[in-house]
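Scroll down for the structure; my scribbles are underneath it.
The values are calculated or read from the model by the stated rules, or taken from the named source; none is laboratory data. If you're wondering where the values come from, they're calculated on a predicted model, not measured in any experiment. Counting neighbours? That spans all protein chains shown, and the Cβs are built from the backbone with ideal geometry, glycine included. Accessible surface is based on the protein model in full, side chains and every heavy atom, while ligands, DNA and RNA are left aside. Shrake-Rupley method; radii C 1.70, N 1.55, O 1.52, S 1.80 Å.
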Amino acid sequence: MSEKKSQKLMTKDEVEDLLTLDYNNVTSEALGEGKGLDAQDLAEMKNLLSAAYKDIECRYKKGLLPFMDLPKDPDILKAARKLADMGRKKFENVVVLGIGGSALGASAVFTALRPLNHNSLPSAKRGWPRLIVADNVDPDGFAAILDSVELKSTFFNVISKSGTTAETMSQFMIIYDQLQRSLGKSSLKEHLLVTTDPNNGVLRRIVETHDFLNLPVPTGVGGRFSVLTAVGIAPLAMVGVNVTDLLNGAAKGQEDAHKPVAANKAYIFAGLNYLLATLKKRSSLVMMPYADSLARVADWFGQLWNESLGKATHLDGSPNPNTQTAIKALGVTDQHSQLQMYMDGSDEKTICFLGVDSFKQQAPIPQIFKDYEELSYLGGHTLAELINFERQGTARALSENGRPNLTLTLPRVTAQSIGYLIQTLEVAAVVSGSLYNIDPLDQPGVELGKKFTYGLLGRTGFEDFKERYKSVVSKKKYIVKSNPTPKG
Ligand code: PA5
C-alpha cells in the first residue's frame, strides 16, 4: 500500500499546526439552549482562565512547575543518544519495569510512534529492540514476558521515582536475581538501567552501592508528568523513537501554553471541561482516539486526569464536590460497545475525540461487489476516509442528541505532534487544578491501599493496617459462593 499518499505537502514557509481544538459541539448553538455553554459562560470562562493563568505563571516563575521546563533539558538527549547506540548494537529487547506514571507515558508514545507491529517484526526489519512494558504483577503475565525474551539479549530499565513501589521493586528483585544466576553478577551493570530520584529512596542507595547505570527523575516532577524525563525518553530512544523531535514538539506545546488564554489550547481545553463539569454536570470525560496508534494515549491521559483531579478537598481544606472522571475508549471499535451509552444512556459525559487528519496508510477499499447496493458505496473509498467519517458522523450524532463533545486533531501522528499533545494536556491538567482550587500534583488517595498491602506483606511499621484489614475480613458475611460447603 502506498505510504503517506495523502499527506499534505507544505511550502517552506508554512508551519504545520501540531494540534487543533474544535469545541463547537459544546456550545448551546450546537446542542440547544441550556444544554451547551452559551456566550455568557464562555465570557466567564475567559475571566476564570485569566486568573488561572496568573496563578500558573507565578508558580512557574517560582520553579514550582518544573515539568514545564523538561522539553528544553539538554542533558536527557545526551544520555538518550548513548543508550540508543548501545541498545541497538547489543539488545533485542528493552523491558521497562515500572507502573503508573513510570510506565504509561512510554507505552503511549511507543504505540503512537513505532510501527504498530514493531515488536513482532523480525530483528533486521525492526532495526531496534522491542519494547515491553511490564506494568503489572500478575504472576502469569510476568512469567509470560520473561518466557518471551532471552536474558542475554535483554536490557531492563527499572523505573521508580520513589524507589519503594512494591510492584516495581518486586519485579526488580526477581530480575536482579535471575540476571545474577543466569549471566553472572557482572551482567547487572550491562543489562540494567535504574531510573529513580536523584537523591532519595532505597533504589538510589542500591544504585550508589552497586554502581549501576542510572538516570535521575528530576526533583519536583511527579510520575504522570514525567514521560519527557529519563522515565520515558531513555526507553523510547532505545527502541528507535525520535526523542529529539518529541521534545521539540513538547517545547512548542509549552511555548504555546504561555500564550494569552484566548489562543491557548491547554487553557481552553481545561476551561471548557471545568465549566461542563461544574455548570452542566458533566462528571465524566471520555477520551476517544480514532487511531490504533493513539489507543494508549487514552490510558496515559486517564491517569493524568484522574490522579490530578480526583481530590476530596480544595486547597483550603473544604470539600471539593466537582471532579471529572476520565474514561478511555477507542474509535471506531467502541462505537460498537460503548457508544449506545454515550448517545442515549446516562447523560453526564463529555466526549473528547482525538482524531488524525492523515494516516500513514490509506488502505483503499476495492471497487468490487458493484451489484450490491449495500456494499457498492464503500468501493473506491479508503479505510482512512472511513475512520474519519465515522468520527465526524459520531460527533454530529452526539451533538444532535444534546451530548457535548469536542475534538482534538493531530494533522499526522509524528514525534512532534505527540510531544505537543503531551505537553498541552499536562498543562491542561495543572490549569484544571487551579480552576478547581485543588492540588493536581499529589495523589493522596492511592496511598491508603498501598499501606494495607504493606501491612499484609508484613512490612515493619504497617502492622496496624494488617490488624485493621483482618478485623473487617473476619466479619465478612455477604459472600456468595457457587458451591458453598455446608457447615457442621
Ligand atoms: O503519577 C504518579 O505519581 C504515580 O502514578 C506513580 O507514577 C506510580 O505510583 C509509580 O510510582 P514510582 O515511580 O514511585 O514507582
Exercise for the section: Quick one: in region 415-457, of everything that is outside any helix (DSSP H, G or I) and within 14 Å of the ligand (Cβ to nearest atom), which residue is surrounded by the fewest Cβ atoms within 10 Å (Cβ to Cβ)? Expected result: Pro444
Problem - Any chance Leu116 is outside any helix (DSSP H, G or I), open to solvent by 10 Å² or more (accessible area, probe 1.4 Å) and either over 30 Å from Asp439 (Cα atoms) or within 16 Å of the ligand (Cβ to nearest atom) (or both) - result: yes
Practice task
Report whether or not Phe269 is at pLDDT 95 or above, over 30 Å from Pro444 (Cβ atoms), open to solvent by less than 40 Å² (accessible area, probe 1.4 Å) and not polar (S, T, N, Q).
Solution key: no
Practice task
For residues that are charged (D, E, K, R) and farther than 26 Å from Phe156 by Cβ, tally how many sit in region 65-87.
Solution key: 2
Practice task
Scan region 370-394 and report the pairs whose first residue is at positive phi and whose second residue is loosely packed, with under 14 Cβ neighbours inside 10 Å, with Cβ atoms within less than 9 Å and a gap of 6+ or a chain change.
Solution key: Gly380/Pro366; Gly380/Gln367
Fill in the blank from the handout: Looking across region 359-369 at residues that are in contact (Cβ under 8 Å) with a residue 40 or more places away in the chain and surrounded by fewer than 17 Cβ atoms within 10 Å (Cβ to Cβ), the single one that is farthest from the chain's Cα centre (by Cα) is Pro364
Exercise for the section: Select from region 167-190 the residues that are open to solvent by less than 30 Å² (accessible area, probe 1.4 Å) and within 16 Å of the ligand (Cβ to nearest atom) and write down the one among them that is nearest to the chain's Cα centre (by Cα). Expected result: Thr168
Problem - Pairs, first at positive phi and open to solvent by 10 Å² or more (accessible area, probe 1.4 Å) in region 215-231, second of a type in the set (A, V, I, L, M, F, W, C) and near the ligand (Cβ under 9 Å from one of its atoms), C-beta under 9 Å, six or more apart - result: Gly220/Leu441
Practice task
Please go through region 152-166 and pick out each residue that is β-branched (Val, Ile, Thr) and within 15 Å of the ligand (Cβ to nearest atom).
Solution key: Val158, Ile159, Thr164, Thr165
Problem - Failed item, numbered, when Ser50 is tested on (1) of a type in the set (Gly, Ala, Ser); (2) closer than 26 Å to Ala251 by Cα; (3) open to solvent by less than 50 Å² (accessible area, probe 1.4 Å) - result: (3)
Exercise for the section: Taking the residues in region 152-164 that are surrounded by fewer than 19 Cβ atoms within 10 Å (Cβ to Cβ) and within 23 Å of Ala230 (Cβ to Cβ) as candidates, determine which candidate is nearest to the chain's Cα centre (by Cα). Expected result: Ser162
Handout entry: Residues of region 128-142 satisfying the condition of being touching a residue at least 60 places away in the same chain (Cβ under 8 Å), farther than 16 Å from Ala103 by Cα and open to solvent by 20 Å² or more (accessible area, probe 1.4 Å)
Key = Trp128
Exercise for the section: Determine, yes or no, whether Val243 is surrounded by 16 or more Cβ atoms within 10 Å (Cβ to Cβ) and within 19 Å of Ser107 (Cα to Cα). Expected result: yes
Practice task
Test Ser107 against the stated conditions and say whether it is within 24 Å of Leu294 (Cα to Cα), within 14 Å of the ligand (Cβ to nearest atom) and assigned to a helix (DSSP H, G or I).
Solution key: yes
Problem - Search result, residues across region 73-99 that are in a helix (DSSP H, G or I) and buried (at least 19 other Cβ atoms within 10 Å of the Cβ) - result: Ile76, Ala80, Leu83, Ala84, Gly87
Practice task
Within region 320-343, track down each residue that is open to solvent by 50 Å² or more (accessible area, probe 1.4 Å), closer than 16 Å to Ser283 by Cα and not in a loop (DSSP other than H, G, I, E, B).
Solution key: Thr325, Ile327, Lys328, Met341
Exercise for the section: Check whether at least one residue in region 275-291 is assigned to a helix (DSSP H, G or I), assigned by TED's automatic domain parsing to the domain that holds Tyr420 and open to solvent by 10 Å² or more (accessible area, probe 1.4 Å), and report yes or no. Expected result: yes
Practice task
List every residue pair whose Cβ atoms sit under 6 Å apart, with the two residues 6 or more apart in sequence or on different chains, where the first one lies in region 281-309 and is over 9 Å from Ile327 (Cα atoms) and the second, anywhere, is within 16 Å of the ligand (Cβ to nearest atom) and open to solvent by 20 Å² or more (accessible area, probe 1.4 Å).
Solution key: Trp300/Leu104; Gln303/Leu104; Glu307/Gln443
Fill in the blank from the handout: Going through (1) part of a helix (DSSP H, G or I); (2) buried (at least 19 other Cβ atoms within 10 Å of the Cβ); (3) modelled with pLDDT of 95 or more one by one, Leu70 fails only at (3)
